[in-house]
Structure formats: C-alpha cells, structure tokens
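The values are calculated or read from the model by the stated rules, or taken from the named source; none is laboratory data. Note that the structure is a prediction, hence the values are computed from the model and not measured. Because the Cβ atoms are built from the backbone with ideal geometry, glycine has one as well, and the counts that use them run over all protein chains shown. For accessibility, only protein heavy atoms count, side chains too; no ligands or nucleic acids. Shrake-Rupley method; radii C 1.70, N 1.55, O 1.52, S 1.80 Å.
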Amino acid sequence: QVQLKESGGGLVQAGGSLRLSCEASGRTFSNSGMGWFRQAPGKDRQFVATISSSGYNTYVTGFAKGRFTISRDNAKNTVYLQMDSLSPEDSAVYYCALSRSGYATMAHRYDVWGQGTQVTVSS
C-alpha cells in the first residue's frame with residue numbers, strides 16, 4: 001500500500017519561497033504520475049502541478065506558472081514543489097497525490113493522497 005507524506009510547509013512572508021516535499025512509500029512511485037493540489041478554507045481543492053513518472057513531462061496551472069516548479073527524484077521516491085514569489089493568496093493546505101494512470105490535472109485521476117501540509121503566507 002503506497003503512502004504519501006508531505007513536508008516543508010510553514011509560515012513565510014509575501015515574496016518568499018518554500019519547497020514542499022512528498023515522500024512515497026512502496027514500489028509504484030517511479031511508475032506513477034504525481035501531482036500537487038491545494039485547498040484554502042471554504043474553497044474547493046485546486047490543481048497546482050503535475051509531473052510524469054519519468055519527470056520528463058510537467059504541467060503547472062496558470063496561477064502558478066513562472067512561480068512554482070514541480071520536480072521529482074525517483075531514487076528518493078520524492079516529488080517536490082518549489083514555490084517562489086509567494087503571496088497571501090497562496091495560503092492553503094497543499095496535498096500531493098499519486099496517479100497510476102499517468103500525470104493528470106483532474107483530482108479523480110489520482111489514486112493515493114497525502115495528508116497535506118499547511119502553507120501560510122503573511123502580507
């Protein structure tokens with residue numbers, strides 16, 4: 001059973017940076033697409049970024065383009081989300097997720113979810 005564990009969240013000032021990590025247990029990580037989503041209080045879960053199993057293909061959604069970068073290290077069973085130029089609007093719980101069917105933007109394509117890590121950006 002694959003499990004995902006996020007880390008790296010915290011409190012940062014506007015304009016600052018954070019790097020989130022998500023470590024996977026189990027043997028399916030290197031064959032799976034990975035994604036990052038976020039959810040702010042009172043709002044729906046929102047897609048952020050996705051990466052293919054090899055790491056060759058990535059996609060970052062509009063509000064994150066030019067600021068967020070997704071990457072992975074299959075030797076470490078870990079996917080990362082580098083977040084730069086953060087604003088208060090980026091405050092949310094960030095979740096990583098694993099998709100056995102490849103990288104994807106839709107939440108229903110993901111099979112395993114982490115517990116989330118809180119990111120708070122102060123103005």
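Does any residue of the range 53-61 turn out to be open to solvent by 80 Å² or more (accessible area, probe 1.4 Å) and small (Gly, Ala, Ser)? Yes, because at least one residue in the range 53-61 is open to solvent by 80 Å² or more (accessible area, probe 1.4 Å) and small (Gly, Ala, Ser).
Could you tell me whether any residue of the range 74-95 is under 29 Å from residue 122 (Cβ atoms) and of a type in the set (Lys, Arg)? No.
Scanning the range 53-62 for residues that are more than 13 Å from the chain's Cα centre (by Cα) and touching a residue at least 24 places away in the same chain (Cβ under 8 Å), we see that the one that is nearest to residue 113 (Cα to Cα) is 53. Of all residues in the range 72-89, how many are open to solvent by 50 Å² or more (accessible area, probe 1.4 Å) and of a type in the set (Gly, Ala, Ser)? Summing the residues that are open to solvent by 50 Å² or more (accessible area, probe 1.4 Å) and of a type in the set (Gly, Ala, Ser) in the range 72-89 gives 2. The residues listed here are 19, 38, 100; of these, the one that is under 12 Å from the mean Cα position of the chain (by Cα) and open to solvent by 60 Å² or more (accessible area, probe 1.4 Å) is 19. Put simply, of 49, 92 the only residue that is of a type outside the set (Phe, Trp, Tyr), touching a residue at least 40 places away in the same chain (Cβ under 8 Å) and either on the phi > 0 side of the Ramachandran plot or open to solvent by less than 40 Å² (accessible area, probe 1.4 Å) (or both) is 92. Among the strands (runs of 3 or more DSSP E) confined wholly to the range 52-113, which include 2 or more residues that are among the aliphatic types (A, V, I, L, M)? Of the strands (runs of 3 or more DSSP E) lying wholly inside the range 52-113, those with at least 2 residues that are among the aliphatic types (A, V, I, L, M) span 78-83, 92-99.
If you go through the range 103-123 and keep only what is polar (S, T, N, Q) and either at positive phi or open to solvent by 70 Å² or more (accessible area, probe 1.4 Å) (or both), you end up with 115, 118, 123.
Within the range 2-16, the residues that satisfy the criterion of being in a loop (DSSP other than H, G, I, E, B), open to solvent by 50 Å² or more (accessible area, probe 1.4 Å) and either on the phi < 0 side of the Ramachandran plot or among the basic types (Lys, Arg) (or both) are 3, 14.
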